[in-house]
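A quick write-up on the structure given underneath.
The values are calculated or read from the model by the stated rules, or taken from the named source; none is laboratory data. Please read all numbers here as calculations on a predicted model, not as lab measurements. With ideal geometry, Cβ positions are generated from the backbone for all residues, glycine too; neighbour counts draw on all protein chains shown. For accessibility, only protein heavy atoms count, side chains too; no ligands or nucleic acids. Shrake-Rupley method; radii C 1.70, N 1.55, O 1.52, S 1.80 Å.
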Amino acid sequence: SAEQKFEVLFILGGPGAGKGTLCRYITEKYGYVHLSAGDLLREERMNPNSKYGELIEKFIKDGKIVPVAITCSLLDNGMQASDSPHKRFLIDGFPRNQDNVDGWNEAMSEKCIVKGVLFCECSKEVCTQRCLKRGAAGSGRSDDNEEVLVKRHETYITNTLPIIEHFEKQGLIYKVNSMQSPEKVFEDAEEILYKIGW
Ligand code: UP5
Ligand code: MG
């Protein structure tokens, strides 16, 4: 029945918009489970037993979107492995293109209900500055440099914005201005959570 389904909130926004930061604020206060698709892919890339390591690194360094079967199974495993009593998940940085949406619907729509999409709105300039700053501070991320950031942004505009429009038509999009301080972004997001009933 619907009650037993996992409840999911997707968190979308440009590269460096502050998705992960906002999710950390939310989980700290509410105890939901945060699953970052990018973090899961980076972890899988480091797993010597994975056959996808090289492929994942290639896609990330190209700012391209990894085939959905890989990402979706990592998310699925992450959800299954969670012993949180809430069964509420913040899925950060996914879905990013139509392939992701189709793959999610096929594999996950029976188990999950998508309650909404938090859309972190942030200018390209601010996004880029944040990632460059993080790279300069030693993030170790192979995509926090100017060359890859151009590609990440192109991919975002071409592939992810249409997905955000698709969710907008379904009335699922909730916008937050993520160019404010992290605390203020969180406050605005909290109002949305109340509205959704989380
Ligand atoms: N920061 C955050 N909020 C701030 C604020 N309000 N004010 C000032 N500074 C703020 O933040 C980025 C930086 O900005 C940090 O230094 C932070 O302190 C600061 P963060 O919270 O990390 O932003 P986030 O949006 O999570 O940025 P991230 O770089 O993680 O976004 P991306 O979407 O680019 O990265 P992700 O890890 O999701 O994906 C990376 C790659 O993996 C993709 O390009 C793609 O190749 C691949 N991928 C897939 O193929 N499929 C997927 O489903 C997901 C990823
Ligand atoms: Mg992130």
### Query
Taking the radius of gyration and the Kirkwood hydrodynamic radius from Cα positions alone, what is the Rg/Rh ratio for the range 1-142, to two decimal places?
0.96
### Query
Quick one: which of 89-98, 164-173 comes out on top by average Cβ neighbours within 10 Å, and what's the full order, highest first?
89-98, 164-173
### Expected-Rg normalisation [2.2 N^0.38 Å, Cα atoms] applied to the range 93-198
1.20
### Message
Less than 20 Å apart at the alpha-carbon level, and either on another chain or at least 8 residues along: which lysines does that give for Lys133?
### Response
Lys19, Lys61, Lys124, Lys151
### Message
Just to confirm a number: summing +1 for Lys and Arg and -1 for Asp and Glu over residues other than Thr155 whose beta-carbon lies under 10 angstrom from that of Thr155, what do you get?
### Response
+2
#### Entry: Accessible area of Val114 in the full protein assembly, 1.4 Å probe (Å², nearest 10)
40 Å²
### Task
Could you check which residue among Glu121, Glu106, Glu154 shows the biggest mean-square fluctuation in a GNM of the chain with a 10 Å Cα cutoff?
Glu106
### Query
Counting pairs of alpha carbon atoms under 8 Å apart in space and at least six apart in sequence, what relative contact order in percent does the range 55-123 give?
34 percent
#### Entry: Accessible area per residue, Å², the chain with all protein chains present, probe 1.4 Å
52 Å²
### Message
Given contacts defined as C-alpha pairs under 8 Å and at least six residues apart, what's the relative contact order of the chain, whole-number percent?
### Response
34 percent
### Query
Is the shape of the range 148-198 best called rounded, prolate or oblate, per the rule: a/c under 1.5 gives rounded, else a/b larger than b/c gives prolate, else oblate, with a ≥ b ≥ c the square roots of the Cα gyration tensor eigenvalues?
oblate
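Semi-axes of the range 5-73's equivalent ellipsoid from the Cα gyration tensor, sqrt of 5 times each eigenvalue, largest first, rounded to whole Å?
Those come to 24, 14, 11 Å.
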### Query
Any idea of Lys124's accessible area? Nearest 10 Å², probe 1.4 Å.
120 Å²
### Query
Share of the range 4-105's accessible area from carbon and sulfur, percent, 1.4 Å?
49 percent
